[in-house]
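Novice: Once you've had a glance at the structure underneath, I'll fire off some questions.
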Amino acid sequence: MKRSILILAALLLALPFPAAAGVPVRKSRKQLERENLQLRQRLEALQNELDWIRKDAQERDSLNITLERLYEEDESEAAAIIEEDDFFDTPSEGSTASTQRTTTHRRAVDTRDYSDDMTDSLLSLWYLHRRARQNQQGSSYNMDSVHFSSEVPDNVMIERLQRMNSFIQLPYNETVKNYMVLYAEKMPSKMGQILGLAQYYMPIFEETFRKYDLPLELKYMAIIESALNPVAVSRAGATGMWQFMYSTARNYGLRIDSYVDERMDPEASVDAAARYLRDAYRIFGDWSLAISSYNCGSGNVNKAIKRAGRRDFWSIYPYLPAETRGYVPAMVGAMYAVNYAKEYGLKPAAVKMPEHIDTFMVNKNLHFRQISEVLGIPIDDIRDLNPQYYKDIVPGAQGGQVLRLPYNYSSAFLERQDTIYKHKAAEMFSGSVDDGRYAARPASQASTARRSTQASGAQWTYYKVKRGDTLGKIAARNHTTVKNLKAWNNLRSDRIREGQRLKIKRR
């Protein structure tokens, strides 16, 4: 709060005040109106900055509380916090080629070595993901009503856009300028987080778009979709860095089941996004329209085209959904801010990621805790490199599954994999699986369980809300919608509490 008061005082002192009393100042009506507008804009910016400081303080307090729990509470309570109580089938015995090393990914992200003495490891990445999730819509400004001014002249901004030499046309008008100023000047802290994450994720996107011979500028869409957060879940259930809905994700071959959600896999999801955009471009023949369809669907874009009678973005702009109207301008604004970050003093937040990552093909069930406890890799490191396994389990027994690990642990993983698979296997893979498959139990028990379920004919299952859950997240996990969850449980709002039991209809 002291910091808030100091910033408030500094900004107030920076506001222009009339000349000293007794000295008459004659100004025209237009001058007075202009000054009045400037004062209102500065006060609005001041209020937004103050709100941001308050939110930042609350997030820091929450982070400290979470870290204290993770490091100070006993093992059982810590396990509850990180949701390590979900298990899968017992690993099958006799599988010889259980793990196959496939390829090595090299990311020029950070020149520092990824070593054991880096005690916080990927903590900063986890923190940035958390912050990005809370701010994934980009800003708290109402972009339909706010109008930003900048000390950078229009001709300089236009020249900079031209210098970017984008394959996708980058128009310049007041709407686009508003977003350019927003991303470059109005949210330096958020852009620092995005720039930090971009160092790791953008090379992955570029590689994929090159594979499909698509414009590399499409990579900036992920900033608008999720602020580069691979585990983002919207209220509507759109999931992952590229915010795929369930049906669209399945149509483009992404795997979604009780233990894997490839919408959260940065490599798999960007591949699906690239194929969607390629198909959309084939339909519309215009990248701005294809990008818009990614946000609101091709049906809405076609309706806007029919109403406008033309097929270019700015002609159909008034007929698009409100959110989509700002999508292309926001993408231009994000591109501009990233490319001219130095000119605006924007610096990427520190992201401690391994410079080299090895990819393995796993063919037996494997729990993150088995890897962590045997090799000494912090479990959050494994989670950040493998976000698609949201229950900390690699279900390799169903078929080969990708596992990514820091390069300096590769040899140890290959040498000790037998020990890793056997480590606490009975403890970590006990119980049944909630999607119709059953764990390895005596045949009599399994058949009894099946007969019991069939006999009861139960239509409903129940879910106990855990810390950090949202209706969108629960809906995505259970392959349904927030609307259904609210209807089934007579919920009038999206608010849920820890420990609450939600009724979910069986599929």
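Computed from the coordinates by the stated procedures, all read-outs in this text should not be read as laboratory data. All values derive from a computational prediction rather than experimental measurement. Neighbour counts run over all protein chains shown; Cβ positions are idealised from the backbone, glycine included.
Novice: Using the Kirkwood radius over C-alpha pairs as Rh, can you work out the diffusion coefficient of region 174-219 via Stokes-Einstein at 20 °C, viscosity 1.002 mPa s, in µm² per second?
Specialist: 177
Novice: Let a ≥ b ≥ c be the square roots of the eigenvalues of the Cα gyration tensor of region 193-242; is it rounded (a/c under 1.5), or, if not, prolate (a/b larger than b/c) or oblate? The partial results should precede the final answer.
Specialist: Values: a/c = 2.42, a/b = 1.51, b/c = 1.61.
Judged from the Cα gyration tensor, region 193-242 comes out oblate (a/c at least 1.5, b/c at or above a/b).
Novice: What whole number of Å gives the distance from the Cα centroid of region 371-390 to the Cα centroid of region 197-258?
Specialist: After rounding, the separation between the Cα centres reads 21 Å.
Novice: Here's another thing I want to ask about it. Which Cα, out of Tyr220, Val233, Met187, lies furthest along the positive dipole direction of region 161-238 (beta carbon charges, K/R +1, D/E -1)?
Specialist: Highest projection toward the positive end goes to Met187.
Novice: Next up: Which shape class applies to region 125-344: rounded if a/c is under 1.5, otherwise prolate when a/b exceeds b/c and oblate if not, where a ≥ b ≥ c are the square roots of the Cα gyration tensor eigenvalues?
Specialist: Values: a/c = 1.56, a/b = 1.15, b/c = 1.35.
Judged from the Cα gyration tensor, region 125-344 comes out oblate (a/c at least 1.5, b/c at or above a/b).
Novice: Convert each backbone phi in region 260-277 into a coupling constant with the Karplus relation 6.51 cos²θ - 1.76 cosθ + 1.60 (shift: θ = phi - 60°), then list the ³J(HN,Hα) values in order as whole Hz, x for Gly and Pro.
Specialist: In residue order, the calculated couplings are 10, 9, 6, 5, 8, 7, x, 6, 5, 5, 5, 5, 5, 4, 5, 5, 4, 5 Hz.
Novice: A further question on this structure: With a ≥ b ≥ c taken as the square roots of the eigenvalues of the C-alpha gyration tensor of region 258-358, please select rounded if a/c is under 1.5 and otherwise prolate if a/b is larger than b/c or oblate if it is not?
Specialist: Here region 258-358 falls in the oblate category.
Novice: Now for a separate question. Please list, in order along region 486-491, the HN-Hα scalar couplings obtained from phi with the Karplus expression 6.51 cos²θ - 1.76 cosθ + 1.60 (θ = phi - 60°), rounded to whole Hz, x for Gly and Pro.
Specialist: Computed from phi, the couplings for region 486-491 are 5, 5, 5, 10, 6, 8 Hz.
Novice: Give the order of Glu151, Glu498 when sorted by the count of other beta carbons within 10 angstrom, beginning with the fewest.
Specialist: The order, fewest Cβ neighbours first, is Glu151, Glu498.
Novice: Can you put Asp213, Asp312 in order of Cβ neighbours within 10 angstrom, beginning with the fewest?
Specialist: Lowest to highest Cβ neighbour count: Asp213, Asp312.
Novice: A follow-up question, please. Near Lys503, which lysines are there with a Cα under 17 Å away, not counting those fewer than 8 places off in the same chain?
Specialist: Cα-Cα hits under 17 Å: Lys464, Lys466, Lys473, Lys483, Lys486.
Novice: Using a 7 Å offset from the Cα along the Cα-to-Cβ direction at both Glu323 and Asn408, what is the distance between the two label points in nm, to one decimal?
Specialist: Going by the 7 Å Cα→Cβ label model, 4.2 nm.
Novice: Rounded to whole Hz and in sequence order, give me ³J(HN,Hα) for region 398-411 from the Karplus expression 6.51 cos²θ - 1.76 cosθ + 1.60, θ = phi - 60°, writing x for Gly and Pro.
Specialist: 7, x, x, 10, 7, 10, 10, 9, x, 4, 6, 9, 4, 4
Novice: For Phe167 and Asp312, what is the calculated FRET efficiency with R₀ set at 22 Å and r taken between the beta-carbons, to the nearest 0.05?
Specialist: That gives a FRET efficiency of 0.85.
Novice: Now a separate question. Quick query: amide H of Asn365 versus all other amide H atoms, modeled in the peptide plane; which residues come in under 5 Å with a sequence gap of 5 or more or a different chain?
Specialist: It is Ser92, Gly396, Ala397, by chain and number.
Novice: Among Asn339, Pro354, Tyr390, whose Cα lies farthest out toward the positive end of the dipole of region 283-399, if unit charges sit on the beta carbon of Lys, Arg (+1) and Asp, Glu (-1)?
Specialist: Looking along the dipole axis, the top candidate is Asn339.
Novice: Taking Lys186 as the anchor, which lysines have their alpha carbon closer than 23 Å to its alpha carbon, excluding any fewer than eight residues away along the same chain?
Specialist: Lys2, Lys55, Lys177, Lys219, Lys342, Lys347
Novice: Points 7 angstrom from Cα along the Cβ direction at Ser493 and Lys505: gap in nanometres?
Specialist: Label-label distance for Ser493 and Lys505, simple model: 2.6 nm.
Novice: Follow-up question, since we're still on this one. Calculated FRET efficiency, Arg42 and Lys303, Cβ-Cβ r, R0 41 Å, to nearest 0.05?
Specialist: Taking R0 as 41 Å, the efficiency between Arg42 and Lys303 is 0.50.
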